[in-house]
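Notes for the one structure printed next.
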Amino acid sequence: MATEAKNTLRPVISDINFSHIARSMGKSPSWLYHKLDNRDGTGGFVDFSSEELIQLSEVLKDLACRLNTAADELTFTAGQLVTAKAV
């Protein structure tokens with residue numbers, strides 16, 4: 001599952017602050033990095049539990065929602081500026 005999770009996140013992995021994501025989950029950044037690499041921090045193999053994957057998914061959905069809201073507000077503000085310049 002961890003390899004699948006990392007592959008799923010690959011297109012955006014460089015755009016995400018995983019330290020913030022981990023803290024949003026109540027975990028340390030190293031915990032998340034190890035989980036994404038199938039490691040437990042002592043060299044053993046470990047995987048995400050179903051609950052952890054759901055929690056990671058919810059944190060990412062929250063981030064996506066906040067990004068969409070911010071983008072929408074920028075578009076609205078830009079529209080107001082264009083309208084004001086035209087007047």
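The values are calculated or read from the model by the stated rules, or taken from the named source; none is laboratory data. Note that this is a predicted model, so its numbers are computed, not measured. Virtual Cβ from ideal backbone geometry, glycine too; neighbours counted across all protein chains shown.
Summed over the range 1-12, residues that are surrounded by 13 or more Cβ atoms within 10 Å (Cβ to Cβ) and either among the basic types (K, R) or outside any helix (DSSP H, G or I) (or both) total 2.
This table checks each residue for (1) touching a Pro at 6+ places or on another chain (Cβ under 9 Å); (2) small (G, A, S); (3) surrounded by 14 or more Cβ atoms within 10 Å (Cβ to Cβ).
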| site | (1), (2), (3) |
| --- | --- |
| H20 | yes, no, no |
| M25 | no, no, yes |
| N38 | no, no, yes |
| L60 | no, no, yes |
| L67 | no, no, no |
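When the range 8-57 is filtered for residues that are over 22 Å from L67 (Cβ atoms), polar (S, T, N, Q) and without any contact (Cβ under 8 Å) to a residue 24 or more places away in the chain, the ones remaining, listed by number, are S28, S30, T42, S49, S50. Among what's in the range 13-71 and is assigned to a helix (DSSP H, G or I), within 15 Å of T3 (Cα to Cα) and charged (D, E, K, R), pick the residue that is modelled with the highest pLDDT. Filtering the range 13-71 for residues that are assigned to a helix (DSSP H, G or I), within 15 Å of T3 (Cα to Cα) and charged (D, E, K, R), the one modelled with the highest pLDDT comes out as E52. Among the residues making up the range 31-46, those that are in contact with a strand residue (DSSP E or B) (Cβ under 8 Å, 6 or more places away or on another chain) and either over 20 Å from N17 (Cα atoms) or aliphatic (A, V, I, L, M) (or both) are F45, V46.
Just one of the numbered conditions (1) loosely packed, with under 12 Cβ neighbours inside 10 Å; (2) touching a His at 6+ places or on another chain (Cβ under 8 Å); (3) of a type in the set (A, V, I, L, M, F, W, C) is not true of V46: (1).
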